[in-house]
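Only one structure is covered here, and it is reproduced in the block below.
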Amino acid sequence: MADAIIAREEDAPETGVRPLASALKAFALLDHLGRKRQAVRLATLSRELGVGRATIYQRLVTLIAAGWVEQTAAGDFRLTLRAARLAHAATEQAGLGARTLPVLEALSAETGEAASLTVLEDDAPCIVQRVEPRGVLRVEMRVGATMSLDGSASGRVLLAYLDRGHAQRLAPDLDPAILDAVREAGHSISSGQTMEGIRAAAVPVFGHDGSCAAALSLVAPVQRFAADGWIQPLRAAAESLRAIMEGRPR
């Protein structure tokens, strides 16, 4: 329900000033439109959000007047390109790496191991953010470094959530059953063959559309490898990262 997904009062800044309910309802509708891949009819929006057509239409008119929404010749509604401009501005002001740094710092502090955020870039897993623990033997890998697609924990996570045909083209020698197991478990363990003496565990970070946007991993020398103790902190951190990507309060 649209009114049910409005930001809760406790999520508002502690200034003593309450947010405008009407604005939050309009933003909730805008957020719903942002999850659609094509223009949507008024009746569909009313049904999906559980709000009357007249109310939804009034909010749409408000968003149209503000330049956020447009109506097609067929009468459907979709976002304007203003949303794309603001998305670009958001990444210019602080990129994904800067926004995710506090989450990785907290994960590294909790586990005592190196935490990395990896995305698929030019068909290779590329580290976009990394935090090293202090005072312990480190695994030297830097932001911008790439790793094995089929042998690394992050690479296997990124492959597992691709279209099956695409994954097979990128890693033709990797047994598809391994990727099936990653999806079923919700995490991956590195093969141990790409970096001698080093092991890693990784989980997917899902974007607003449900696709795997990145892989979050912990890596350590094999003598400190503790997958059983890492998976839950990794999943909690991945959910915090998803909230950042969706613009939700954490």
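The values are calculated or read from the model by the stated rules, or taken from the named source; none is laboratory data. As the structure is a computational prediction, the values presented were derived from the model and not from experiment. Glycine also receives a Cβ, built like all others from the backbone with ideal geometry; neighbour counts cover every protein chain displayed. The protein model used for the area step is the full one, side chains on, heavy atoms only, and it has no ligands, DNA or RNA in it. Shrake-Rupley method; radii C 1.70, N 1.55, O 1.52, S 1.80 Å.
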Practice prompt. Taking residue 21 as the residue in question, decide whether it is modelled with pLDDT of 90 or more, open to solvent by less than 40 Å² (accessible area, probe 1.4 Å) and not polar (S, T, N, Q).
Written response: no
Worksheet item: If you check every pair at least six apart or on different chains, which have Cβ atoms under 6 Å apart with a residue in the range 113-127 that is over 11 Å from residue 215 (Cβ atoms) first and a residue that is open to solvent by less than 10 Å² (accessible area, probe 1.4 Å) and of a type in the set (Ser, Thr, Tyr) second?
Response: 115/108
Worksheet entry | residue 202 vs. criteria closer than 20 Å to residue 133 by Cα and touching a strand residue (DSSP E or B) at 6+ places or on another chain (Cβ under 7 Å) | yes
Worksheet item: Give me the pairs: first residue in the range 52-68 and over 21 Å from residue 84 (Cα atoms), second residue exposed (fewer than 12 other Cβ atoms within 10 Å of the Cβ) and not aromatic (Phe, Trp, Tyr), beta-carbon distance under 8 Å, and six or more apart or on different chains, which are they?
Response: 53/43
Discussion item. With more than 30 Å from residue 35 (Cα to Cα), open to solvent by 40 Å² or more (accessible area, probe 1.4 Å) and acidic (Asp, Glu) as the only criterion, which of 175, 209, 180 stands out?
Written reply: 175
Practice prompt. Sort out which residues of the range 229-246 are free of Cβ contacts under 8 Å to residues at least 12 places away in the same chain and not acidic (Asp, Glu), and write them in order of number.
Written response: 232, 236, 243
Discussion item. I'd like the residue in the range 31-79 that is touching a strand residue (DSSP E or B) at 6+ places or on another chain (Cβ under 8 Å), in a loop (DSSP other than H, G, I, E, B) and within 19 Å of residue 247 (Cα to Cα) and, out of all such residues, is most open to solvent (accessible area, probe 1.4 Å).
Written reply: 36
Worksheet item: Exactly one of (1) modelled with pLDDT under 90; (2) closer than 24 Å to residue 223 by Cβ; (3) open to solvent by less than 30 Å² (accessible area, probe 1.4 Å) is unmet by residue 140. Its number?
Response: (3)
